[in-house]
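Asks: One structure, as structure tokens, below. Some questions next.
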Amino acid sequence: MKAQGERPEPVSAGNGTTTRRRERLSALGALLLTIGLSGVANAVVVAPHAVFIDHRTRAAVFYVQNPDQVPAEVAVELVYGYPVSDENGGVRVELIPDPPADAPSAARWVRALPARCVVAPGARQAIRLLAQPPAGLADGEYWSRIIITSRSGQPPVPATADEAVKVGLTLEMRTITSLIYRKGAVTTGVHLDGFAARVAGDSLRADIRLGRSGGGAFLGTLIFALRDDGDQRVGEWKQAVAVYSDLHRRLAFPVGDLAPGRYTVHLRVSTEREDIPEPSVLPAAPVEQALALDVP
Amino acid sequence: MMRAVVITLVLAGIAAGLLGPAPCARAQSIEASAVVVGGTLTITRERDLDFGDVIRGVPATIAVGNAASGRFLIRGTRGAEVSLDFLLPTFLMVGPNTLPISFGPTAAGHHTLPQAQNAVLFDPHVTRITQLRASNGFLYAWLGGTVSPSLTQPPGVYTGAITLVVSYTGS
């Protein structure tokens, strides 16, 4: 088998000890890339990543931006789905194109307009979501995923008339975001069905099982705080969480070399979110638990 | 964080000089000059997976660390967890002719820095859960692969589509 070429990936100026200044420069560079000063990249920006529709307005808007220098073909599709956990405590978004009749799916009666379009270079396209729920829709929350597929309008390799065998691969980008439709008073809550933690090597490993109460999805944050026996905080970590159905998470956080002794890990599950506007997050009472850990 | 996102979007729009409505195939949009939106998710195809010309009868492999591998940049909420899925073809086509393409268990990689040599390799057939960089919300993903032309492979430009699917797991 032939190894194609001998060109190694160029080494970045960054490394594990990247300074804050270098990070800022990196961010600026990426922004310049995003706004189309490079002709190489092809990008799609989707905002916001979580859309909420109220039954009284029955409409919402999200934006697809094409910061590239070539047109982008964009397709929008709605499919019922939500995040589910796997046997390893990971999470994936499960799409259910044909959900059972009793599933709280909004995918069948929310339309995206336009569902397909070409976004010009540098332009931003508003995609309107219009809901036409069935008559007599019960109060509650209804869910869907918004699938935004984008690809460059230019062929990757031009056709040739020679005898060569060429390969032209089109790389498409697909973003899956969430849609929540609410009618009437909707509540949510979360309960902690299991919490275990241990220190293994240089990591704090946590195993969490969460359940949901109420009719709405629980959108919140897992906040872990590790304290030593003098109640000094050793570390704190946050992880956004969405509980649509029973959820099992296994998470690992770096703690470095901990001195031997007794520690306490505090877990707080609350509706704090930095990435979703506060009015869109259903309030719920926080849940907290603490565990003692011995580090030999 | 929210403010940073808005500023980024507005700066991008101003710099591109195109804050007006986008031309589109079916619908018109009406946009304000400043729009407050929540968190964003951006995928940038930085580089195509480029096999170039291939030799008949000789499989050609591009590894993650090769400069010809495909590279994506994902940007979003700092430290957020995302899932990565690749939708992969098994063959490429030109007219009625096909060219097999395959992706091994280390054909994909990800890293929060643009350093393919340090990427965490994974099987692109399996969903990968990872996190955007805590300091800037960046994540790079690479994809290599192998094409296997036969000795009698007809000439032409064999095409196919590879799709990277990115989703936040926390919303």
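Asks: Among the listed residues B:73, B:132, B:87, identify the single one that is surrounded by fewer than 16 Cβ atoms within 10 Å (Cβ to Cβ) and within 29 Å of residue A:275 (Cβ to Cβ).
Replies: Only one candidate qualifies: B:87.
Asks: Looking at A:182, A:209, A:233, which is the one that is surrounded by fewer than 18 Cβ atoms within 10 Å (Cβ to Cβ), over 28 Å from residue B:135 (Cβ atoms), more than 12 Å from chain B (Cβ to nearest Cβ) and among the basic types (Lys, Arg)? Walk me through how you get there before you give the answer.
Replies: Working: A:182 fails: surrounded by fewer than 18 Cβ atoms within 10 Å (Cβ to Cβ); A:233 fails: over 28 Å from residue B:135 (Cβ atoms).
Just one listed residue meets the conditions, A:209.
Asks: A further question follows. Residues being in contact with a Ser or Thr (Cβ under 9 Å, 6 or more places away or on another chain), within 13 Å of chain B (Cβ to nearest Cβ) and under 16 Å from residue A:188 (Cα atoms): count how many of those fall in segment A:241-251.
Replies: 4
Asks: Taking segment B:71-88, which residues are aromatic (Phe, Trp, Tyr) and over 21 Å from residue A:86 (Cα atoms)?
Replies: Scanning segment B:71-88 gives a single hit, B:72.
Asks: Regarding residue A:192, is this residue modelled with pLDDT of 95 or more and in contact with a helix residue (DSSP H, G or I) (Cβ under 9 Å, 6 or more places away or on another chain)?
Replies: When the stated conditions are applied, residue A:192 does not pass them.
Asks: If you go through segment B:99-129, how many residues are more than 15 Å from residue B:74 (Cα to Cα) and in contact (Cβ under 8 Å) with a residue 12 or more places away in the chain?
Replies: Initially, segment B:99-129 is screened for residues more than 15 Å from residue B:74 (Cα to Cα), giving B:99-107, B:117-118, B:120-127.
Narrowing the set further to residues that are in contact (Cβ under 8 Å) with a residue 12 or more places away in the chain leaves B:99-107, B:117, B:121-125, B:127.
Residues in segment B:99-129 being more than 15 Å from residue B:74 (Cα to Cα) and in contact (Cβ under 8 Å) with a residue 12 or more places away in the chain: 16 in total.
Asks: I'm checking my understanding of the structure. Among residues of segment B:147-169 that are at the interface with chain A (Cβ under 7 Å from one of its Cβ atoms) and polar (S, T, N, Q), which one is nearest to residue A:152 (Cα to Cα)?
Replies: B:163
Asks: Is there a residue in segment A:271-288 that is on the phi < 0 side of the Ramachandran plot, assigned to a strand (DSSP E or B) and in contact with a Ser or Thr (Cβ under 6 Å, 6 or more places away or on another chain)?
Replies: Checked segment A:271-288: no residue is on the phi < 0 side of the Ramachandran plot, assigned to a strand (DSSP E or B) and in contact with a Ser or Thr (Cβ under 6 Å, 6 or more places away or on another chain).
Asks: Looking only at residues that are within 11 Å of another protein chain (Cβ to nearest Cβ) and over 16 Å from the mean Cα position of the chain (by Cα) in segment A:40-59, which one is farthest from residue A:278 (Cα to Cα)? Break it down into steps so the answer makes sense when it comes.
Replies: Filtering segment A:40-59 down to residues within 11 Å of another protein chain (Cβ to nearest Cβ) leaves A:40-52.
With over 16 Å from the mean Cα position of the chain (by Cα) added as a condition, the list becomes A:40-43.
Values: A:40: 38, A:41: 34, A:42: 32, A:43: 29 Å.
Result: A:40.
Asks: Here is a follow-up. Would you tally the residues in segment A:69-93 being within 22 Å of residue A:140 (Cβ to Cβ) and either part of a loop (DSSP other than H, G, I, E, B) or modelled with pLDDT of 95 or more (or both)?
Replies: Selection size over segment A:69-93: 7.
Asks: Give me a count of the residues in segment B:87-146 that are aromatic (Phe, Trp, Tyr) and under 20 Å from residue B:170 (Cα atoms).
Replies: Here is the first cut: in segment B:87-146, the ones aromatic (Phe, Trp, Tyr) are B:91, B:103, B:122, B:138, B:140, B:142.
Next, only the ones that are under 20 Å from residue B:170 (Cα atoms) stay: B:138, B:140.
Number satisfying all stated conditions: 2.
Asks: From B:62, B:43, grab the single residue that is buried (at least 23 other Cβ atoms within 10 Å of the Cβ), at the interface with chain A (Cβ under 7 Å from one of its Cβ atoms) and modelled with pLDDT of 95 or more.
Replies: Step by step, each of B:62, B:43 is checked, and only B:62 is buried (at least 23 other Cβ atoms within 10 Å of the Cβ), at the interface with chain A (Cβ under 7 Å from one of its Cβ atoms) and modelled with pLDDT of 95 or more.
Asks: Okay, moving on. Hey, among A:140, A:81, which residue is more than 8 Å from chain B (Cβ to nearest Cβ) and touching a Gly at 6+ places or on another chain (Cβ under 7 Å)? Before the answer, list the steps.
Replies: Working: A:81 fails: touching a Gly at 6+ places or on another chain (Cβ under 7 Å).
One residue alone meets the criteria, A:140.
Asks: Here's something else I'd like to know. Being facing chain A (nearest Cβ under 9 Å), within 19 Å of residue B:49 (Cβ to Cβ) and not aromatic (Phe, Trp, Tyr): is that true of residue B:131 here? First the steps, then the outcome.
Replies: Working: facing chain A (nearest Cβ under 9 Å): yes; within 19 Å of residue B:49 (Cβ to Cβ): no; not aromatic (Phe, Trp, Tyr): yes.
So residue B:131 does not fit the description; no.
Asks: Pick out the one residue from A:182, A:262 that is more than 30 Å from residue A:102 (Cβ to Cβ) and either assigned to a strand (DSSP E or B) or of a type outside the set (Ser, Thr, Tyr) (or both).
Replies: On the way: A:182 fails: more than 30 Å from residue A:102 (Cβ to Cβ).
Exactly one of A:182, A:262 is more than 30 Å from residue A:102 (Cβ to Cβ) and either assigned to a strand (DSSP E or B) or of a type outside the set (Ser, Thr, Tyr) (or both), namely A:262.
Okay, residues lined up against (1) away from chain B (no Cβ under 13 Å); (2) within 18 Å of residue A:295 (Cα to Cα); (3) buried (at least 16 other Cβ atoms within 10 Å of the Cβ):
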| residue | (1), (2), (3) |
| --- | --- |
| A:201 | yes, yes, no |
| A:215 | yes, no, yes |
| A:222 | no, no, yes |
| A:253 | no, yes, yes |
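Asks: Could I ask something else about it? Looking at segment A:66-76, can you tell me whether even one residue there is more than 21 Å from residue A:211 (Cβ to Cβ) and out of contact with any strand residue (DSSP E or B) (no Cβ under 6 Å at 6 or more places or on another chain)? Full working, then the answer.
Replies: Going through segment A:66-76, the residues more than 21 Å from residue A:211 (Cβ to Cβ) turn out to be A:66-76.
Filter once more, keeping what is out of contact with any strand residue (DSSP E or B) (no Cβ under 6 Å at 6 or more places or on another chain): A:69.
Looking for residues that are more than 21 Å from residue A:211 (Cβ to Cβ) and out of contact with any strand residue (DSSP E or B) (no Cβ under 6 Å at 6 or more places or on another chain), one finds at least one in segment A:66-76, hence yes.
Okay, residues lined up against (1) more than 9 Å from chain B (Cβ to nearest Cβ); (2) touching a Ser or Thr at 6+ places or on another chain (Cβ under 7 Å):
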site: A:74; (1), (2): no, yes
site: A:92; (1), (2): no, yes
site: A:101; (1), (2): yes, no
site: A:108; (1), (2): yes, no
site: A:111; (1), (2): yes, no
site: A:127; (1), (2): no, no
site: A:131; (1), (2): yes, no
site: A:144; (1), (2): yes, yes
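Asks: If the requirement is being crowded, with 18+ Cβ neighbours inside 10 Å and either basic (Lys, Arg) or not in a strand (DSSP E or B) (or both), which of these qualifies: B:105, B:124?
Replies: Within the list B:105, B:124, the selection yields B:124.
The values are calculated or read from the model by the stated rules, or taken from the named source; none is laboratory data. Since the model is a prediction, treat every value here as computed from it, not as a measurement. FYI the Cβ positions are ideal-geometry reconstructions off the backbone, even for glycines, and counts take in every protein chain you see.
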